[in-house]
Amino acid sequence: MSEVFKVTSRPVEKHIVIAIEGYVNNLAGERILDEFNRWTAEGYRHFVLNFEKTQLVNSIGISILIEMIEKAQELQGSIAFCCLLPIIAKTFKIMGLTQYAQVYETEAEALAG
Amino acid sequence: MSANVSKRIELEIPIAHDNELEATRVADQLATEIHLGPECLAEIKLALVEGILNAFEHSGSTVPKVRVEFAVHDEEIEVVVQDFGQGFDPSERPSLRPLQRRGYGRLLMESLMDDVKYFTSPQGTRLVMKKRLPKCA
């Protein structure tokens, strides 16, 4: 019953854009965190997570995003989210993520942010 | 609130990774039939996922399945997640602090649905969630 999940990432100037596709559960969250850790090891500190191709993020997946926000804070870096469906934006707000990470309509706005 | 049920669907879901998505696919089909709006559907699906994950992870059930029911009434849709675990005390709520990593499932369900109730005993827990349909068109 597994759904295809894909994560890709690329540097854009000082940022890393992580594009996420599919259902974000615990395993998908760990994949995103792995990607974050790989780039921070290379010295990057500012991340944009693009959820354009994601329709569902569960609370376990979000708990891993919280871990990522904490690590970014420790590194004096930043996490921004973009291209959120209303349900994902609402979920992030309920869980308090929007107090610690900026939310943007588009990837371009997040990169300019 | 009318007790008339215009549509009822029941399914059993084996406890296994990602099987919660099986129930969301049924919700998708039901939403098409009753012309549920996409945002309302998305909220019901996430509440359903959280209810099923709680049952999978915390029920302590030796019966490796949960039962899910959808009932469409005149003015609301009712979503039930039944596990066969040990029950719990619904009055004990996890204390939440900023950036806490776990314990948000119940908060999400209660935020996304209009009514959430637990009927729990040592034989299992029946989670009953309701969403008012007039808000969902």
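Find the strands (runs of 3 or more DSSP E) located wholly in the range B:1-85 whose residues include 3 or more that are within 27 Å of A:Met95 (Cβ to Cβ), among the small types (Gly, Ala, Ser) and in contact (Cβ under 8 Å) with a residue 12 or more places away in the chain, and list them.
none
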Quiz item: Pick from the range A:81-108 the residues that are within 14 Å of B:Glu43 (Cα to Cα), in contact with a helix residue (DSSP H, G or I) (Cβ under 8 Å, 6 or more places away or on another chain) and facing another protein chain (nearest Cβ under 9 Å): which of them is surrounded by the most Cβ atoms within 10 Å (Cβ to Cβ)?
Solution: A:Thr91
Quiz item: B:Glu50 versus (1) more than 21 Å from B:Pro90 (Cα to Cα); (2) facing chain A (nearest Cβ under 9 Å): which is the lone unmet condition?
Solution: (1)
Practice problem: Return a yes/no flag: does the range A:14-23 have any residue that is more than 19 Å from B:Glu39 (Cβ to Cβ), in contact with a Leu (Cβ under 6 Å, 6 or more places away or on another chain) and at pLDDT 95 or above. | Solution: yes
Exercise. Return the pairs, sorted by first residue and then second, in which the second residue is among the polar types (S, T, N, Q), the first residue lies in the range B:102-114 and is facing chain A (nearest Cβ under 8 Å), the beta carbons are less than 7 Å apart, and the residues are 6+ apart or on different chains.
Key: B:Arg102/A:Ser63; B:Tyr104/A:Ser59; B:Gly105/A:Ser59; B:Gly105/B:Asn54; B:Leu108/A:Ser59; B:Leu108/A:Thr91
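So that you can scan it fast, the table gives a plain yes or no per residue for (1) within 30 Å of B:Ala55 (Cα to Cα); (2) at pLDDT below 95:
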| residue | (1), (2) |
| --- | --- |
| A:Phe47 | no, no |
| A:Ile62 | yes, yes |
| A:Ile79 | no, no |
| A:Ala89 | yes, no |
Exercise. Taking the residues in the range A:1-49 that are under 13 Å from the mean Cα position of the chain (by Cα) and in contact (Cβ under 8 Å) with a residue 60 or more places away in the chain as candidates, determine which candidate is nearest to A:Lys90 (Cα to Cα).
Key: A:Val48
Quiz item: Is at least one residue of the range A:66-80 surrounded by 18 or more Cβ atoms within 10 Å (Cβ to Cβ) and within 25 Å of B:Ile44 (Cβ to Cβ)?
Solution: yes
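The values are calculated or read from the model by the stated rules, or taken from the named source; none is laboratory data. The shown structure was predicted, so the numbers you read here are calculated from the model rather than taken from an experiment. Note that each Cβ is placed from the backbone with ideal geometry, even for glycine, and that neighbours are counted across all protein chains shown.
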